[in-house]
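I have placed the structure first, in the form of structure tokens, so that the comments after it can refer back to it.
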Amino acid sequence: MAIATLLGWALDGLLMLVLLWLAWRVLACKGLFRAVVLFIAFGLVLSLVWVRLDAPDVALAEAAIGAGLTGALLLSTLARLDALDAKQDEDASS
Amino acid sequence: MTLVYLGGALFLLLTLVAGLWRVLRGPTAADRMLAAQLFGTTAVACLLLLAEADRAPALRDVALVFALLAVVAVVTFVRRNWRAAGEDLDAD
Amino acid sequence: MTPRGAAPWLRFSVALLLVGMFAALAWVLLGLPPRSAGLQPQVAAQMAVSGVDHPVTAVLLNFRGYDTLLEMAVLLLACLGVWSLSPAVPPTDETPGAMLAALPRQLVPLMVLMAGYLLWRGATGPGGAFQAGAVLGAAGVLLLLTGWRLPVRWQGWRLRLLLIAGVGMFVLVALAVVPASGVLLGYPLPVAGTLILLIEALAGLSIGVTLMALFLGGEPGASR
Amino acid sequence: MSVAVLYAVTGLGLFSLGLYALIVRAHLLRKILALNIMGSGVFLVLTALARRAPDGPPDPVPHAMVITGIVVAVAATALALVLLRRVVETTGQPRLPDPDSE
């Protein structure tokens, strides 16, 4: 039983560290695409944290929103920003 | 048995950390996106192990939702970001 | 186009302030009683009159129904905000390949099934309108990404009706129970479960459609 | 010190990190990500404090609040992203105008 508790602690500690590290990288890393992908991973880890905190309802909501919608919204905005950027470059050069 | 499940979950979480390295290294956008997809699969396995360890069958539903919806992000990537991926997608 | 961040002195002082804030709030958190049941006993005591068997659903749809009602209104407002900002981005995507065309045919029915399951599950366990709505919204996003377009005759009042169905049903039920119980949203016990399921079904549908409309990024069919 | 309190402190850390980036980073998409991380930090504090129940199920009230919060957060993010697109279309810059440069 003691080992199980220890393993639980290790799992919780690792989750906390990964969460903080991911948040830092999302906000500080170079490149927006990288930040968005890391943010998707952040949502995933967060959903595991909800499970560890005995909140399966919240984990379900986070899984559905984080995996399905947030990533799609952010990625398609990124694509549109790139398209606008390219259009401006074209306008500037012509 | 709980020990095995918890240990497995911990191990999977460690592999997830290893995968983060690939997200940061790249080198292409597709590498990063695929690594993120791999996290989705890892999380599903992790959730199934925790469902057994905590005896919380509701976690299987969470795993099911993950498995079902992970595809949405990657389809967005393929449809919207793929063509730009060859170029310098990471210019800040 | 390199983003200029804040000046170093500004960064430093902001960091200093935030470390101070973190320390103060962490001190408060660590000083909280390590064991506290919170509102759990009150919720457990009232479960018998809630009409459902799952505490979180009971809180969402019954005990704190106002919160959920107004939250649905916030979703609607976000959608209105997006619509007033720009028309939907015109579909420029080329036709999807065979793989992408087959994908939604396999997955969307499963997602709709999952949404229905989560809705039904909400009465007794983790699940409910929000989760179901999110899965439904993701199914809609997948359809939009793989080349499906909202038919023109669905872009008018039908879409708007779907968007307000959740809030509308919530308000209707809130008003309808007034003669029986004297207060808004005070469900009479014999029909509480049915009313909650009715609200949840339409709320889930509305949430799904709203999330899909948000992904469209503007009012469908509008031209600038 | 229990695991729940540690998780709450982690949430506080996320909130602080997000607030710092919200103030310091110029790109608006990065600010939107920062707001989302701040929100997640708040949710984490709420859920972690709900876990303190002695034995038995955690407090369901914060859970319900967090679930609505997550859905509101994604709606707000969608609105913010459309605003961002409009800002870029109008000014050609993915950031707010700098008052010093005028």
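Computed from the coordinates by the stated procedures, all read-outs in this text should not be read as laboratory data. Given the structure is predicted, the values throughout are model-derived calculations rather than measurements. All Cβ positions, even for glycine, are placed from backbone atoms using ideal geometry, and neighbour counts span all protein chains on display.
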- Message: Treating only the Cβ of Lys, Arg, Asp and Glu as charged (+1, +1, -1, -1), what charge dipole size does the protein assembly as shown show about its Cα centre? Round to the nearest 20 debye.
- Response: 180
- Task: Please work out the Kirkwood hydrodynamic radius for segment C:142-224, using every pair of different C-alpha atoms, and report it in angstroms with one decimal place.
- Result: 14.6
- Item | Over segment B:7-54, equivalent-ellipsoid semi-axes from the Cα gyration tensor in Å | 24, 10, 4
- Query: For chain C, modelled as a GNM with alpha-carbon contacts under 10 angstrom, which of C:192, C:37, C:123 fluctuates the most?
  - Reply: C:37
- For chain A, what mean projected area does the convex hull of the alpha carbons give, in nm²? 7.1
- Task: With the Cα gyration tensor of segment C:73-224 in hand, convert its eigenvalues to equivalent ellipsoid semi-axes via √(5λ) and list them largest first in whole Å.
- Result: 32, 20, 10
- Student exercise, segment B:1-76 dipole from Lys, Arg, Asp, Glu Cβ charges, in Debye to nearest 20: 200
- Under 5 Å from the placed amide H of residue C:219, counting only residues 5+ away or on other chains, we find C:86, C:88
- Item | Dmax and Rg, reported as Rg then Dmax, of the protein assembly as shown (C-alpha, Å) | 22.6, 72
- Note on the structure: Taking Cα pairs closer than 8 Å and at least 6 residues apart, the relative contact order of segment B:2-84 in percent is 31
- Task: Stick to Cα atoms and the Kirkwood definition of Rh, then tell me Rg/Rh for segment B:1-85.
- Result: 1.07
- Are there trypsin sites (Lys or Arg not before Pro) in chain A that DSSP marks as loop and that have at most 14 other Cβ atoms within 10 Å, and which are they? A:30
- Item | Charge sum, other residues only, whose C-beta stays under 14 Å from residue C:206's C-beta, Lys/Arg counted +1 and Asp/Glu -1 | 0
- Query: Using a Gaussian network for chain D with springs between C-alpha atoms less than 10 Å apart, which of these wobbles most: D:37, D:70, D:23?
  - Reply: D:23
- Message: Just to be sure I understand: with springs between alpha-carbon atoms less than 10 Å apart, which residue in C:49, C:28, C:152 has the highest mean-square fluctuation in the Gaussian network model of chain C?
- Response: C:28
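Defining a contact as two alpha carbons under 8 Å apart and six or more residues distant in sequence, what relative contact order in percent does segment C:41-216 show?
Relative contact order comes out at 32 percent.
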- Item | Diffusion constant of chain D at 10 °C, which comes from Stokes-Einstein with the Kirkwood Cα-pair radius and 1.306 mPa s, µm²/s | 104
- Query: Separation between the residue C:47 and residue C:27 pseudo-spin-labels, each 7 Å from Cα along Cα→Cβ, expressed in nm?
  - Reply: 4.0
- How long is the gain from residue C:120 to residue C:85 if the chain were fully straight, where each residue apart is worth 0.36 nm and the alpha carbon distance is subtracted? 9.0 nm
- Where the centroid of each part is defined by its Cα atoms, how far is segment C:144-189 from segment D:13-77 in Å? 28
- Query: At a Förster radius of 56 Å, what calculated FRET efficiency corresponds to the Cβ-Cβ distance of residue A:30 and residue C:70, to the nearest 0.05?
  - Reply: 0.90
- Translational diffusion of segment A:49-94, µm² s⁻¹ [Kirkwood Rh, Cα pairs; Stokes-Einstein; 25 °C; 0.890 mPa s]: 189
- Mean separation of Cα contacts under 8 Å (at least 6 apart) over the residue count of chain D, i.e. the relative contact order in percent, is 28
